[in-house]
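Novice: Please find one structure pasted underneath; my questions will follow.
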Amino acid sequence: MQQRFYIVLLLFLPLLAVGQTEVADTTTQEEVQVDHADVFEYSTESGAVQQRLIGHVELSQDSVYMYCDTAVIERRNQVFAEGNVIIQQGDSITAFSDSLQYDGDLRIADLYGEVVLLNGEQSLFTNRLNYDLNTKIASYFAGATLTNGSAQLTSKRGYYYVADEVAYFKDSVVVVDTNFVLRADTLQFNTATKIVDFLGPTLIKNDTIKVYCEDGFYDTENNIAEFRQNAQFEKNNQQAQGDIIRYDGSKGEYLLVGNAQFNEEDKVAYADTIRYDEVNDLTVLIGNAIYEDKDQNITSDEIIYNAKTETYSTKGRSLIVDPPQILEADKIDYSDVTGMGLATGNVYWQDTSANMSIICNTADYNQETDYLKATGGPKGRPMLISLMEEDSLFLAADTLLSLRLDTLESDSNRALIAYNDVRLFKSDLQAICDSLVYNSRDSLFRFFNDPVMWSDTSQFSADTLSMILKDEKIDKVILTNNGLIINSPDEIYFNQIKGRFITAKFWDDNLREMDVEGNAESVYYALDEEKAYVGVNKTICSEMTLYFGDNQIEKIKFFSEPKANLLPMNQTQHEEIKLKGFFWEKISRPQSIEDLFGPKVKSSRPEVSPAAEMLKTRPRRKPAERPSRNQR
């Protein structure tokens with residue numbers, strides 16, 4: 001659109017430059033010659049000869065030819081022509097008017113009435129046109145219309161400075177073409193450089209595009225435009241603005257420079273510079289880049305969007321806010337087609353609704369499904385941080401997965417999966433296992449594959465271990481299959497509870513009660529009032545309930561025909577009364593956040609294969625004997 005507009009201006013300019021060619025070969029003030037007239041009349045007034053010419057008048061001076069119905073020539077070179085006035089210069093330029101005043105001495109021509117200037121397909125219509133051959137300025141002041149084919153330019157005033165090769169169109173400039181309409185206060189055109197300058201408020205628009213500025217230029221030779229001062233662009237539902245809007249037609253590139261802003265319906269982008277490559281359909285936000293829509297807010301040093309592949313990427317520290325989630329990384333790549341993204345470099349992810357965050361080196365994520373897979377980290381492993389009991393819980397594993405649970409109750413319900421060498425640290429709680437699942441809907445942690453948990457002086461282990469939270473505090477710990485709880489204030493003597501199904505209940509952050517169901521066994525060191533050991537109670541029953549105070553056993557209830565022995569301390573072989581599967585883990589227990597990283601520590605837990613245990617207890621079957629030949 002812009003290129004066509006300026007080509008139209010270029011075609012119009014020779015109309016105002018007619019005087020330039022008139023004087024190109026004029027070196028002397030030659031007299032105006034009368035070539036023909038039907039009637040010649042001569043008169044003398046104040047000693048001056050006046051010629052009056054009537055009918056088919058033809059005049060000439062140098063290469064300029066004039067035709068009219070009547071003419072008066074005074075003082076040799078003062079011409080007053082009326083009626084069907086025609087001026088021709090060369091073979092291409094012709095001017096029509098109702099009347100003409102031509103001063104051959106001062107070399108000034110004024111055309112009046114219905115003035116029409118023709119140059120090939122270009123036409124100028126005005127009521128008065130003036131050209132001063134001395135100053136080499138052509139001008140009109142009563143408004144004019146310039147046409148070229150389907151294009152039309154109108155303005156109230158126009159000037160052409162022949163010596164400077166500059167033309168001005170001023171006051172209510174309007175250009176109408178089949179492809180666009182332009183309205184401006186002032187336009188300047190340099191015929192040497194072929195550059196058009198906008199010197200006031202200018203609006204260019206067509207059916208889909210509007211461009212507004214109050215200063216700027218267009219280089220018609222190189223097809224480069226620059227719109228300045230309150231520059232704005234609008235196309236369909238898109239709006240853009242900046243301190244400067246630049247267009248490079250050779251590259252097919254648009255630039256919004258300084259306080260750049262782009263809007264489209266519910267989407268908005270801000271940056272120091274916004275660059276659009278129309279050939280590759282690529283948009284780049286450079287410097288303090290911000291992108292916002294109804295779902296998210298993205299900030300980065302640089303944001304790149306490829307409309308062909310429907311992908312975007314960021315450079316520099318980047319932040320995506322998609323409530324309740326926040327993602328921050330050194331670089332982010334995302335595909336609208338697949339819905340998958342990749343965040344790399346010092347990645348920080350947070351779910352504000354679940355009080356949960358993850359720190360890692362690489363994160364694959366899906367914005368639609370709220371899927372996130374975290375690997376690596378500042379110390380080689382991703383780490384999860386969650387708020388519990390106004391204290392932080394830290395969890396590290398080789399891989400962390402965060403998934404949204406599709407429930408009717410809430411979109412914020414999530415599942416967290418951690419696997420391979422899972423380690424957990426909290427000031428009053430630690431745990432290790434091979435894999436873990438957390439459900440935010442039920443506030444349930446489930447530990448799998450050789451899980452071990454510690455709370456103060458107590459150790460919990462089982463085939464599967466579950467921890468239930470209530471009001472961000474530990475409510476219950478459930479041990480399923482081969483449950484074993486060991487408690488030892490001094491790490492010399494160990495209270496032991498074992499059963500198929502154990503439920504440990506916590507009140508005010510402390511272990512208060514424990515229910516043991518199925519094959520219940522216990523080894524309990526009794527204390528007197530002085531906290532001195534008085535004996536060992538070993539009990540076997542189907543069920544039991546234990547009560548704790550200050551993390552020590554205060555009382556035990558046994559159910560279903562318990563078998564108990566109370567042994568004096570000095571008569572007890574303490575190693576021999578340890579329950580089957582006993583182990584007291586110290587080395588692999590995380591004592592700090594640093595212990596969540598580094599090489600995996602081998603546990604002192606006995607490695608007993610379930611299959612091997614079954615073979616030990618299964619009765620052996622005698623193989624069949626091969627029959628002898630006589631028995632066949």
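The values are calculated or read from the model by the stated rules, or taken from the named source; none is laboratory data. These numbers come from a predicted model, not from an experiment. All Cβ positions, even for glycine, are placed from backbone atoms using ideal geometry, and neighbour counts span all protein chains on display.
Novice: Check whether at least one residue in region 170-178 is surrounded by 15 or more Cβ atoms within 10 Å (Cβ to Cβ) and over 24 Å from Phe125 (Cβ atoms), and report yes or no.
Specialist: no
Novice: While we're looking at this one, here's another question. Across region 416-430, which residue is surrounded by the fewest Cβ atoms within 10 Å (Cβ to Cβ) among those that are in a strand (DSSP E or B) and touching a residue at least 60 places away in the same chain (Cβ under 8 Å)?
Specialist: This residue is Asp421.
Novice: Also: Test Asp351 against the criterion of being of a type outside the set (A, V, I, L, M), within 14 Å of Ile326 (Cβ to Cβ) and touching a residue at least 60 places away in the same chain (Cβ under 8 Å), and give yes or no.
Specialist: In short, yes.
Listed here are the residues, each with its yes/no results for (1) closer than 21 Å to Val115 by Cα; (2) within 60 Å of the chain's Cα centre (by Cα); (3) modelled with pLDDT under 90.
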residue: Leu9; (1), (2), (3): yes, yes, yes
residue: Pro14; (1), (2), (3): yes, yes, yes
residue: Gln20; (1), (2), (3): yes, yes, yes
residue: Ala48; (1), (2), (3): no, no, yes
residue: Asp62; (1), (2), (3): no, no, yes
residue: Ala71; (1), (2), (3): yes, no, no
residue: Val79; (1), (2), (3): yes, no, no
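Novice: Applying the selection to region 445-467, what residues are surrounded by fewer than 17 Cβ atoms within 10 Å (Cβ to Cβ), assigned to a strand (DSSP E or B) and within 43 Å of the chain's Cα centre (by Cα)?
Specialist: Phe448
Novice: Let me ask something else. Taking the condition buried (at least 17 other Cβ atoms within 10 Å of the Cβ) and either in the same structural domain as Val32 (by TED's automatic domain parsing) or closer than 20 Å to Glu31 by Cβ (or both), does Leu111 pass?
Specialist: When the stated conditions are applied, Leu111 passes them.
Novice: Still on this structure, I have one more. For region 255-278, enumerate the residues that are in contact with an Asp or Glu (Cβ under 8 Å, 6 or more places away or on another chain) and either of a type in the set (Asp, Glu) or not in a strand (DSSP E or B) (or both).
Specialist: Asp266, Asp277, Glu278 - these are the residues of region 255-278 that are in contact with an Asp or Glu (Cβ under 8 Å, 6 or more places away or on another chain) and either of a type in the set (Asp, Glu) or not in a strand (DSSP E or B) (or both).
Novice: Got a number for residues in region 536-580 being surrounded by 15 or more Cβ atoms within 10 Å (Cβ to Cβ) and among the small types (Gly, Ala, Ser)?
Specialist: 1
Novice: Working only within region 551-588, note down all residues that are closer than 21 Å to Ala431 by Cα and among the acidic types (Asp, Glu).
Specialist: Glu585, the sole residue that qualifies.
Novice: In addition: If you check Asp110, Asp105, which single one turns out to be outside any strand (DSSP E or B) and not small (Gly, Ala, Ser)?
Specialist: Residue meeting the stated conditions: Asp105.
Novice: Only one of Thr202, Thr273 is of a type in the set (Ser, Thr, Tyr) and under 27 Å from Tyr168 (Cβ atoms). Can you tell me which?
Specialist: Thr202
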